[in-house]
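Single-structure report; data block below.
The values are calculated or read from the model by the stated rules, or taken from the named source; none is laboratory data. Keep in mind that this is a model prediction, so the values were computed, not measured. Because the Cβ atoms are built from the backbone with ideal geometry, glycine has one as well, and the counts that use them run over all protein chains shown.
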Amino acid sequence: MANKANNQTVSDQLNGPFIYHTDKYKNVYWDVFTKKAYNISASDLRRFRLFQMGPVVALMVGFVTYYYLHLDPLLALLIGVVFYGVFMLIFRFSVVKNLAEIRKFEKPVSPSMITSIVNTMEPIRIAIMAVLALAMLVLCVINIRTAGYSGTTLILNYVLAVLAAGFTVMYALALIRKLKK
């Protein structure tokens, strides 16, 4: 039996933030700082994918500095943020600089997150996601109240609770909009 991994091909279509697809250009990178569009050719795909992993690499750097070097969590976070900034500067000056600029590019309008959820998910799935986000919010609040955390751990629990509240509201609004249709 042939190995499936050997038969798979790497897709030449990128996805992610600031990546657009048009009929004329397969992959377009929209630079939010310069407000210019760049065509990502097939030869640049590998390098572009490497730099798309910047947030993950920065998170891992922060994780390693916290757990293995036993640094303060805020210092580890700062090191991760600085690493991400340096990573993005290298990306800007080594990858984006070499991409072909697209003149007169009309950036497509992206739908809002709630509209995207309404258009792609069934009502029962939206309801389940809303309930799960609400359960996460309740568990975070219980954890904050009972665990007796202080410092960075308490702050991270509050951040997680706020994110869970945001997702609860987002899915609830999407469910209401879906049921009105």
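Among residues of segment 79-107 that are closer than 16 Å to K35 by Cα, none has a beta-carbon under 8 Å from a residue that is in a helix (DSSP H, G or I) and hydroxyl-bearing (S, T, Y) at least six positions away or on a different chain. Taken over segment 33-62, the criterion of being out of contact with any strand residue (DSSP E or B) (no Cβ under 7 Å at 6 or more places or on another chain) and under 13 Å from F105 (Cβ atoms) is satisfied by T34, K35. When we screen L89, L154 for residues that are closer than 29 Å to L71 by Cα, part of a helix (DSSP H, G or I), over 20 Å from the mean Cα position of the chain (by Cα) and among the aliphatic types (A, V, I, L, M), the only hit is L154. Tell me yes or no: at least one residue of segment 118-127 is within 15 Å of M170 (Cβ to Cβ), crowded, with 16+ Cβ neighbours inside 10 Å and β-branched (V, I, T). Within segment 118-127 (the criterion being within 15 Å of M170 (Cβ to Cβ), crowded, with 16+ Cβ neighbours inside 10 Å and β-branched (V, I, T)), the answer is yes, since at least one residue qualifies. Could you grab me the full set of residues in segment 99-115 that are modelled with pLDDT of 85 or more and either in a helix (DSSP H, G or I) or among the aromatic types (F, W, Y) (or both)? Correct list: M113, I114, T115. Exactly one residue out of L179, L139, L160, L173 is under 20 Å from A127 (Cβ atoms), surrounded by 14 or more Cβ atoms within 10 Å (Cβ to Cβ) and not β-branched (V, I, T), and it is L173. Consider segment 45-71. How many of its residues are surrounded by 14 or more Cβ atoms within 10 Å (Cβ to Cβ), within 14 Å of the chain's Cα centre (by Cα) and among the β-branched types (V, I, T)? Within segment 45-71, residues that are surrounded by 14 or more Cβ atoms within 10 Å (Cβ to Cβ), within 14 Å of the chain's Cα centre (by Cα) and among the β-branched types (V, I, T) number 1.
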